[in-house]
Structure formats: structure tokens, C-alpha cells
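Please read the structure below before turning to the comments.
What follows draws every value from the coordinates through simple rules; no lab data is involved. None of these values were measured; they are calculated from a predicted model. With ideal geometry, Cβ positions are generated from the backbone for all residues, glycine too; neighbour counts draw on all protein chains shown.
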Amino acid sequence: FGTMGHGKGQFAYPVAVASWHEWIVVADEHNKRLQLWRRDTMELPFTVTCISSDLCGEWLGSPFGLTFDEDGQLLVADRKHGNILRIKFDRMVASLEER
């Protein structure tokens, strides 16, 4: 799924995919964002990007790798900042759903 571009459901350089329960997360390095799908609908409800989201501020530079730990925290390798981010995924999703 997806096409080339910068809108929802589009990618410039998808580099990693991870899943947790009903969620699929794709890291798009060149668009500097994560996109989240619910596996049961395959609709694209959420895009998390520093360009257009107050959720991430400056914490997401160039996501390059993704995985979930055993507690359901999302680990994101960020090439721009040279670090690994640990995100409480359930809290991130809850804050997105509140919008």
C-alpha cells in the first residue's frame, strides 16, 4: 500500500515497518515522519510528523529504524539526531485519538 509523495498514505523514503497488536507503523525518513495504520481497517488515520504535528516538536529528525519492545514501547532510530527514541506507544495513540 502507499504511493510516492508527501501526503497521507504516501512515502518519500520508507525505511522501516513495525507492528504492535492492531497497529502498523512505517518510518518515512525523507518525509521525517511516522505513519500509523490500524491493521483491522487499513485506513490511514494518523500521520506523526514534526512539520505539521504539535505531538513531536523537535524530537523526530529522520526516523530510520523501528521496533517494539516487550512492553509495547516503540523504539525509533533517528539518523538526524544520532539517537534511539523510546516512545510510550499507547500514550501516543491515545493523544492522537483525542484530536
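Rounded to whole numbers, the Karplus 3J(HN,Hα) couplings from phi for the range 70-84 are 5, 9, x, 7, 8, 9, 10, 7, 10, 5, 5, 8, x, 9, 10 Hz, using 6.51 cos²θ - 1.76 cosθ + 1.60 with θ = phi - 60°, and x at Gly and Pro. Working ranking of peptides 83-91, 23-31 by packing, defined as the average number of other Cβ atoms within 10 Å per residue, highest first, is 23-31, 83-91.
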